[in-house]
Amino acid sequence: MNISNRKVGAVLVIGGGIGGVQASLDLADSGFKVYLLEKTPSIGGVMAQLDKTFPTNDCSMCILAPKLVSAGRHPNIELITYAELVGIQGGPGDFSVQILKRSPFVDWEKCNGCGVCWEKCPIMVDSDFECGLGKRKAIYVPFPQAVPNKAVIDKEHCTYFVKGGKCRVCQILCPAKAVDFNIPDKQIDIKVGSIIIGTGLKTFDPHLKSIFGYGKYANVIKSIELERILNASGPFQGHLVRPSDRKEPHRVAFIQCVGSRDVKAGNNYCSSVCCVYAIKEAILMKEHNRSLDCTIFYMDMRTFGKGFESYYKRAKEKYGIKFKRAMIGEILELAENRNLLLKYEDEDGNLKREKFDLVVLSVGLKPDENVKNLAEILNLDLSEFGFIKSIHFSPVETIRPGIFVCGTASAPKDIPETVTEASASAQKAIELIKEERHKLTRKIEYPGEVDFSGQQPRIGVFVCHCGINIAGTVKVMEVVEYAKTLPNVVYAENNLYSCSDDSQQHIKEMIEKHKLNRVVVAACTPRTHEPLFQETIREKGLNKFLLEFTNIRDQCSWVHSHQPDLATEKAKDLVRMACARANHLEPLPTITIPVTQSGLVIGGGISGMNAALGLANQGYKVYLVEEKEELGGNARHINRTIDGRNVKEYLQSLIKNVQTHPNIKVYKNSKLESVSGYIGNFRTRIKIQGEETKKNELVEIEHGVIIVATGAQEYKPTEYLYGKDSRIITQRELEEKIFSHPTMESFNDKTIVMIQCVGSRDNERKYCSRICCSQAIKNALLIKQKDPDAEVFIFYKDIRTYGINEIFYQKARDTGVIFVRYDDDAKPEIFGRNGALFIKTKEPILNEEIELPVDFVVLSTGLIPDKSNREIAQLLKVPLNEDGFFLEAHMKLRPVDFATDGIFICGMAHSPKTIDESIAQAQAASARAGIILSKDTIEVLPIVAEVDTEKCIGCGICEKLCAYQAHELKKTEKGYRSEVISAYCKGCGSCAASCPQMAINMKHFTNEQIMAMVEAI
Amino acid sequence: MSDYKPKIIVFCCNWCSYAGADLAGVSRLQMNPNFRIIRTMCSGRIEPEFILTAFKKGVDGILLTGCHPGDCHYISGNYKALRRYNALKLLLKEMGIDDRRLKLEWISAGEGARFQEVINNFIKTITELGPIV
Ligand code: FES
């Protein structure tokens, strides 16, 4: 395949789930045209079906909807839904693709999603979106927040098609005259430079496991169905009921690993997400009904991700959810009440029976069935389990150049990992067609702003139900009625989801209809949703600072869920305060500043180097700062991955690429001395330790973005006699032994004991270090391979070989590695006697203490945050989480961004992870950072100080106090007066608070605005 | 006294304590509802005037919150808030207002549980103190 010189600055993204949407947004924001192809009528994917997301229990639709709306209205994203790829020619940089768009039998140019058609359609059909638990009509939109919000006729069921020309109700009643039964399917031909596959997942079909009786017993459901049952806009309006009799269940069982870790089902791998989603669903059920009895039956509890372990703990301790390690034999239905009898074998081998009235099957993830077809058309390699294969050490790159993959199309993954890979695949696509940036795109344009000066405020109030997130506690209608009584409020309404596409459209209509010049939104948190509403009012000619956002969810309904009356009262107060402030809101001019098109990467490990290469390959200058004298970080101590790839070789070529890249300047032995500035315009001083002279040198650089990639450190154990006996080593030391003395160190006839979770999941470090299980199994396999007569024992709490790595766990067991469980209250003990080493442990079957002589004790030590984190967090003003790792802007959908604009994070600085995960995250960070660098100028917040020169007496307090030198005393004819240099002002407001004359005001946080809120309390 | 509901304002800075309050929400940490948050960009924005007016208007307690020392998004806004806070405490005493009605606490974006604890404790103190009259 030859790479043609003519490249196309457009990308085809296949799959409109969260992965595809994120990739599209990143590409479009970076200056590329995107065609987003989706086979169903609406984008949104599986995430749209979920009720909440772990481990924050964020409402899934609430965080997803703004992304869908953004994709839907982005001028450079063209949605092609209800369509499939049928053909491809050409090569990387210049593909021609053919797409077949199925006829919706509705003219989408005319349809405005008003809903008359589906209200009147007489035909009821099982809704796929509701997993068959609810109905839709034969003409429908898949779900209320669908994007695009356009109707489709289901030909299979529509009377017109089934009975030949009959019915036509929708056609007759459609006010837009959009229904047209003669619209044919059509083929669309487009040209793109690259293709990204984000086709997502399908859940395992539990019919295939007949012992569970799914499909036969009404009250055996699968997890995704429970998501719909729990959802406020779901088939039962969020009432937790079981299917057979619509009654509330009292005893619920979850069964884990249905269709995962299951050789018979052909799914040997672990689906990675089921343990945590089961915990989530159990917690949500408990929140619906505190007295519910909930048991999760599992093999290993795999809560390996950031924040998951404490979520698990919370489920056990705070919610009283029971966790039982067991093998399920079968399920029987009791005829009298359709309850279920579970037969299982517990951990001690006892056969047990227990009755439940609802059983939830935690079904595994499989690649979407579309993948097979796509692989054929695009000539891709599939793994034995049907996932798309990627190439070594480039997790988003398929074997076919120019075609990339993200999310669950390549392996089971959770949402943040999918979002990360989506950005990473955007990065790889951009690298390929970077020269074509801005060639096919157009700028976002807003209508001119309406001048409201001198006019009385006309406030519109929009109160969000957020499904039941708000409305479940706060009486939303009462709040709306109350809002109507407030001064200058001319309109108030409630929305099921204020952030959904149809609500956004509606808000725009209401702005026009009621001539609103101020908008108050009472919903979730402005930290995530304010930008969306600002965009919306901007489209109607309102300056974005005429929006006031008040938080009645995160800071009200969610934290007062047991006190609905007080919460409602509080919500009213908050709305009153917001309206009081809204009266004083003023339009502010946009301030644009130039962007310095270069980046700073902190940390020269695998993540830092990949992030640097990412930006450099996009064509930007990069400064890479590494504290040590060598690049490589933790990977310098790793030889092989668990699947046998050579890390040493990869690392060497990576270092070479970085060091020889013309766009990268590497500073080794270097540390940050100071950082100043802001997005687009940072100024950093780097202290370089002279190699021979040991004299420090200072350099100052200017850059537009920062990527933090400081990595993590191996925990140095204090437990199990480590450091007191040379036969007690860490996994890392073992790996070095295996590889550095291939002939010397023989493990033949030796007994090696590995102990998991050393320094992880304990009282001091509560989190799971994610990689130690795989690391132990990798080393165990290496030993067994080299010296088959070695005896290897692994002492563990849960084996967490998530994803495809599960097959190595099986392999280890098959090769004779012995796995022994221990509990926190009965940890194994290591002691020496007469020069020999022993392990003391409880023998589970005999249930008595035994002592075994051992030759080596290998401690699987966790990873701890890098010691530089604290310092860097303070320099950059970015937060750390409770464990000391950096805290991203949003756990689910902004995994590599910080809340502070222009600063990003990747790799183990974020949390422990594998090499491939680090690479993907680094590429994602460079894609995200690249969006900023792709622009010559960016808008910054015009929230700056303003001096009233009439009141100013030139005392100079502000000048002394300002941390940014934004105040300057200037001589005028009346004497000295302070002047604000807007470009320097960051908007903290300290000067305003300190001015003895009250001569300084902060725009958007003016005295009047804040005072109005204080007085409205 | 059991149904006395104090009026309490909590000032939060955008970067740390407001995010901490959101995190408490996301973690569903239940707390006493008798407080109303006002968001500013930085704790350094809070003018003595806001506080004095609030007390004059019958607010029973005011909690100032911001980033931990060294963490302020604007380098030193929280130190300025601290200095002002100390001065205000003296002033309140002079005015005959119990200075426990004003409190300053540092809460980071990652400290949802701490937010809950701080709020519950503060409301408890103010409830014990009773209305400001
Ligand atoms: S930004 Fe939080 S105290 Fe200044």
Checklist entry - Taking the stated definitions as given, is B:Arg83 closer than 23 Å to A:Ser990 by Cβ, more than 7 Å from chain A (Cβ to nearest Cβ), open to solvent by 10 Å² or more (accessible area, probe 1.4 Å) and part of a strand (DSSP E or B)? => result no
Next on the checklist: Every residue in the range A:962-1002 that is within 25 Å of A:Gly680 (Cα to Cα), open to solvent by less than 50 Å² (accessible area, probe 1.4 Å) and within 16 Å of the ligand (Cβ to nearest atom), please.
Outcome noted: A:Cys962, A:Ala963, A:Tyr964, A:Ala966, A:Cys985, A:Gly987, A:Cys988, A:Gly989, A:Ser990, A:Cys991, A:Met1002
Checklist entry - Filtering the range A:866-883 down to residues that are open to solvent by less than 20 Å² (accessible area, probe 1.4 Å) and not in a helix (DSSP H, G or I), which residue is nearest to the other protein chains (Cβ to nearest Cβ)? => result A:Val878
Checklist outcome for this item: Apart from one, (1) under 30 Å from A:Val625 (Cα atoms); (2) within 14 Å of chain B (Cβ to nearest Cβ) all hold for A:Ser598; the odd one out is (2)
Checklist outcome for this item: Residue count, the range B:48-72, condition surrounded by fewer than 24 Cβ atoms within 10 Å (Cβ to Cβ) and within 13 Å of the ligand (Cβ to nearest atom), comes to 4
Next on the checklist: Exactly one condition in (1) at pLDDT below 95; (2) within 16 Å of the ligand (Cβ to nearest atom); (3) open to solvent by less than 10 Å² (accessible area, probe 1.4 Å) is false for B:Arg45; which is it?
Outcome noted: (1)
Checklist entry - Under the condition of being buried (at least 21 other Cβ atoms within 10 Å of the Cβ) and among the hydrophobic types (A, V, I, L, M, F, W, C), which residue from the range B:89-119 is farthest from the ligand (Cβ to nearest atom)? => result B:Ile119
Next on the checklist: Looking at A:Asn231 and the list (1) of a type outside the set (D, E, K, R); (2) under 29 Å from A:Leu361 (Cβ atoms); (3) free of Cβ contacts under 8 Å to residues at least 24 places away in the same chain; (4) surrounded by 20 or more Cβ atoms within 10 Å (Cβ to Cβ), which single condition is not satisfied?
Outcome noted: (3)
Checklist entry - Which pairs do you get when a residue that is more than 7 Å from chain A (Cβ to nearest Cβ) and more than 25 Å from B:Lys5 (Cα to Cα), found in the range B:35-52, comes within reach of a residue that is of a type in the set (Gly, Ala, Ser) and in a strand (DSSP E or B), reach meaning Cβ atoms under 6 angstrom, with the pair 6+ apart or on two chains? => result B:Ser43/B:Gly66
Next on the checklist: Step by step: first the residues of the range B:1-13, then only those that are open to solvent by 20 Å² or more (accessible area, probe 1.4 Å) and out of contact with any Asp or Glu (no Cβ under 7 Å at 6 or more places or on another chain), then the one that is nearest to the other protein chains (Cβ to nearest Cβ). Which residue is that?
Outcome noted: B:Lys5
Checklist entry - What single numbered condition from (1) of a type outside the set (Phe, Trp, Tyr); (2) within 9 Å of another protein chain (Cβ to nearest Cβ); (3) under 30 Å from A:Val575 (Cα atoms) fails to hold for B:Gly70? => result (3)
Item to check | Scope the range A:374-395; condition surrounded by 14 or more Cβ atoms within 10 Å (Cβ to Cβ) and of a type in the set (D, E, K, R); matching residues | outcome: A:Lys389
Item to check | Residue ID - nearest to A:Phe356 (Cα to Cα), chosen from residues in the range A:202-228 that are touching a Pro at 6+ places or on another chain (Cβ under 9 Å) and open to solvent by 20 Å² or more (accessible area, probe 1.4 Å) | outcome: A:Ala218
Next on the checklist: Of all residues being assigned to a helix (DSSP H, G or I) and among the charged types (D, E, K, R) in the range A:513-540, which is surrounded by the fewest Cβ atoms within 10 Å (Cβ to Cβ)? Just the residue, please.
Outcome noted: A:Lys513
Next on the checklist: Within the range A:58-72, does at least one residue satisfy the condition of being farther than 19 Å from A:Gln505 by Cα and either among the aliphatic types (A, V, I, L, M) or not in a helix (DSSP H, G or I) (or both)?
Outcome noted: yes
Checklist entry - Does the range A:939-946 include one or more residues that are over 35 Å from the mean Cα position of the chain (by Cα), open to solvent by 30 Å² or more (accessible area, probe 1.4 Å), under 24 Å from A:Pro589 (Cα atoms) and among the aliphatic types (A, V, I, L, M)? => result no
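Residues checked against (1) in contact (Cβ under 8 Å) with a residue 60 or more places away in the chain; (2) part of a loop (DSSP other than H, G, I, E, B):
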{"site": "A:Glu309", "(1), (2)": "yes, no"}
{"site": "A:Arg314", "(1), (2)": "no, no"}
{"site": "A:Lys324", "(1), (2)": "no, no"}
{"site": "A:Ala335", "(1), (2)": "no, yes"}
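The values are calculated or read from the model by the stated rules, or taken from the named source; none is laboratory data. The structure presented is a predicted model; accordingly, all values stated were derived computationally and were not measured. Here the Cβ is made from the backbone with ideal geometry for all residues, glycine too, and neighbour counts use every protein chain on show. The accessibility values were calculated without ligands, DNA or RNA, using every heavy atom of the protein model including side chains. Shrake-Rupley method; radii C 1.70, N 1.55, O 1.52, S 1.80 Å.
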